[in-house]
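The values are calculated or read from the model by the stated rules, or taken from the named source; none is laboratory data. Owing to the predicted nature of the structure, the values given are computational and were not obtained by experimental measurement. All Cβ positions, even for glycine, are placed from backbone atoms using ideal geometry, and neighbour counts span all protein chains on display.
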Amino acid sequence: MSISEKIEVLNALQNENNVSKVEKMKGINESTLRYIIKNSEKIRKIDTISSSYSKDKTFYHRHEIISKMEKSLKEWIDLQLRKNSAATTASIKQKSLSIFQNIRETFPSEENVTFSASSGWFKNFKRREGLHNIKFTGEAASGDHIAAREFPNELNRIIKE
């Protein structure tokens, strides 16, 4: 949601003074509206210093700890690729959690910052870092090795019948 849209919501709240009417009028969720109200001072401050061009753009601010973690994770993935080491999705997610914990320890005032290496985060991380053409492997499935070994003989027997 752009700054201009958020300002419109704040102005509508001032005029209407009814949260549910503004939700319906603007077509936004209650949680979004709460976020806008909570950050109204910041939004109005940004509105006063922003150009008309930037007010209509949507910007996403990533927390410093998460940005540093993703940068370190990208370096680790690049190292794994240079070593021709198999990087599974699970190992990358696990490494991201480990890096996050290490970085968060250096920011004692940021204990409330949380991170979960979800599938959605991983998909977006690959897109942000340009890893779209790299195939990450999954865990190898265990197979019935005995049946696989006997299958050619069984197939030949069936064909002969």
Handout entry: Residue ID - nearest to the chain's Cα centre (by Cα), chosen from residues in segment 72-120 that are assigned to a loop (DSSP other than H, G, I, E, B) and aliphatic (A, V, I, L, M)
Key = Ala117
Problem - Filter pass, Lys68 being in contact with an Asp or Glu (Cβ under 7 Å, 6 or more places away or on another chain), modelled with pLDDT of 90 or more and either assigned to a helix (DSSP H, G or I) or assigned by TED's automatic domain parsing to the domain that holds Ile46 (or both) - result: no
Exercise for the section: Please find, among Asn153, Asn124, Asn112, the residue that is modelled with pLDDT of 80 or more, loosely packed, with under 10 Cβ neighbours inside 10 Å and within 30 Å of Ser2 (Cα to Cα). Expected result: Asn112
Practice task
Could you tell me whether segment 138-148 includes any residue that is at pLDDT below 85 and surrounded by 10 or more Cβ atoms within 10 Å (Cβ to Cβ)?
Solution key: no
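The rows are residues; the columns are (1) closer than 19 Å to Phe125 by Cβ; (2) at pLDDT 80 or above.
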residue: Ser54; (1), (2): no, no
residue: Thr89; (1), (2): yes, yes
residue: Gln94; (1), (2): yes, yes
residue: Ile99; (1), (2): yes, yes
residue: Asn102; (1), (2): yes, yes
residue: Phe107; (1), (2): no, yes
Practice task
Determine which single condition Ile159 fails, assuming it passes every other condition in (1) under 21 Å from Ser67 (Cβ atoms); (2) modelled with pLDDT under 90.
Solution key: (1)
